[in-house]
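The values are calculated or read from the model by the stated rules, or taken from the named source; none is laboratory data. All figures in this text were calculated on a predicted structure; none of them were measured in a lab. We place every Cβ from the backbone using ideal geometry, glycine too, and count neighbours over all the protein chains shown. When the accessible area is computed, the model is the full protein with side chains, heavy atoms only, and any ligands, DNA or RNA have been set aside. Shrake-Rupley method; radii C 1.70, N 1.55, O 1.52, S 1.80 Å.
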Amino acid sequence: MLRLGELERAVMDVLWSAPGPVTARVVSDALSDRSLALTTVLTVLSRLEAKGYVSRMRDGRAHHYAATATREEHVAGLMHEVLDTAGESSDDRSAVLARFVGQVSREEAEALQTALAEALRRRPGGREVPTE
Amino acid sequence: MIAPAIFLGMLAVVLVLPAAHWLAAARWTVREPRAALVLWQGLGLASGLAALGAVLMLGLSPLGSTVGQAAGAWLVAVGHGDLTARLDPIHLLLVSLAVVLFSRLVGVLLMSIVRTARTRQRHREVVDLVGVPYERDRSTTVLDHPDAVAYCCPGVRGRVVLTAGAMELLDTDELDAVLLHEHAHLSERHDLVVLPFNAWTAALPWLSAVRSAGSAVRRLVEMVADDRACFGCERHVLAAALARLGSAARGSAPAGSLAVAEAAVLDRVHRLLTPPGRSPLIRRFAYLAAALMVALAMLLPWVALPL
């Protein structure tokens, strides 16, 4: 038995690779190697719909499901949340996510290159400094 | 209790104005970042308590010689159907001011806790849906994005997130060092240390001391995580990782947007390459000072002094 989170991932993967909206039956067939009951797939789909990741449309008697955003759009949204520290809500953002390194200026980037060369000199076998 | 009230008020002013600026500019904090963090927390808590205590004591001063005594007298008066305990308008105003100030500070903090928790939960949910586990550390998630970024999404079930760009840029030793740093943030719950400073910056935007406290604390937390990571990796490996990611981040910063906390990358790299000497003396002094100011601000309203 898979954890719910993994089931949600698996179902989203099916929806993302499908060419268009699909029925729950198609999703469950695509996941046939996991031998899931159709009701399980329906439960996961409705959970994902409640969270806003999946939209449901009626087509005749069958419900069709589609992802509300592509995987790339989701990743872009995450990166926007992480990188957008210059926005109005910068204090909120930095409270939410701690980034390893923030944004740097050109001068600082150059100083960092010098420091990197110094760090690598002390560490035989490290990768070369990228040349530009 | 006028005299202790005035003393507490002065303590609050000294803590918020000269003391906060001194600590924000102090150079020893890079030697003992963890002690500096504790001192910041003590300073924040003590100045808030002292300001509240001073206003409350002035307001309650006609009713007794300590806050406890005065509150008891007020309760007795309320029991007799006298809601204001015959306080004149000025004293009533001071008591209300203390209540409003207290509710605002606590309210803003609670709202900020709820809001950050919700944003983080949503972020983590999306990370779990679109990311793939990193094969060398299953608690880390990899996002397929060309920008070289490493970050953590703190919380009860925190996540460390790497991008494909970061995996491309760093070698495995450097990646491990970055992960150690991020896991230090998560396991030590640095988000909880930073949260009140962020919340009160929003609550008191006109107090520059709160703002500089916030950026100082964010910078110190990074140094603490660097130090913790260095228990598991070489200092210069972490320094190289920082420098690489920092150089790669160039261009993502629009002109003029460089925040103080983020200007510290270069300082962190230098600090890792030439570690400043630790100082047990400063460390002990910082812990003692933090404990002392909190104890003073907390106890003074409740004890009767022969003043």
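Among the conditions (1) within 14 Å of chain A (Cβ to nearest Cβ); (2) part of a helix (DSSP H, G or I); (3) modelled with pLDDT of 90 or more, B:Leu94 misses just one, which is (1). Consider the range B:101-120 and keep the residues that are within 18 Å of B:Gly158 (Cβ to Cβ) and exposed (fewer than 14 other Cβ atoms within 10 Å of the Cβ). The one that is farthest from the other protein chains (Cβ to nearest Cβ) is B:Val114.
Wholly within the range B:1-66, which helices (runs of 4 or more DSSP H) include no fewer than the required count, namely at least 2 residues that are open to solvent by 20 Å² or more (accessible area, probe 1.4 Å), β-branched (Val, Ile, Thr) and in contact (Cβ under 8 Å) with a residue 12 or more places away in the chain? Spell out how you get there, then give the answer.
Values: elements: B:2-14, B:20-25, B:33-60.
Counting at least 2 such residues, we get B:2-14, B:33-60.
Taken over the range B:134-146, the residue count meeting the criterion of being open to solvent by 40 Å² or more (accessible area, probe 1.4 Å) and under 29 Å from the mean Cα position of the chain (by Cα) is 1.
Kindly indicate the residue of the range B:106-122 that is touching a residue at least 12 places away in the same chain (Cβ under 8 Å) and touching a helix residue (DSSP H, G or I) at 6+ places or on another chain (Cβ under 6 Å) and also nearest to A:Met79 (Cα to Cα) among those meeting that condition. If we take residues in the range B:106-122 being touching a residue at least 12 places away in the same chain (Cβ under 8 Å) and touching a helix residue (DSSP H, G or I) at 6+ places or on another chain (Cβ under 6 Å), then B:Arg120 is nearest to A:Met79 (Cα to Cα).
Considering only the range B:139-153, how many residues are of a type outside the set (Asp, Glu) and either touching a residue at least 40 places away in the same chain (Cβ under 8 Å) or more than 7 Å from chain A (Cβ to nearest Cβ) (or both)?
As a first pass, look at the range B:139-153 and keep what is of a type outside the set (Asp, Glu): B:139-143, B:145-146, B:148-153.
In the following step, the residues that additionally are either touching a residue at least 40 places away in the same chain (Cβ under 8 Å) or more than 7 Å from chain A (Cβ to nearest Cβ) (or both) were identified as B:139-142, B:146, B:148-150.
Total meeting the criteria: 8.
Among the residues of the range B:202-219, those identified as open to solvent by 10 Å² or more (accessible area, probe 1.4 Å) and more than 18 Å from B:Cys153 (Cα to Cα) are B:Ala202, B:Leu204, B:Pro205, B:Trp206, B:Leu207, B:Ser208, B:Val210, B:Arg211, B:Ser212, B:Ser215.
So in the range A:19-46, with the set limited to residues that are touching a residue at least 40 places away in the same chain (Cβ under 8 Å) and under 23 Å from the mean Cα position of the chain (by Cα), which one is surrounded by the fewest Cβ atoms within 10 Å (Cβ to Cβ)?
A:Gly20
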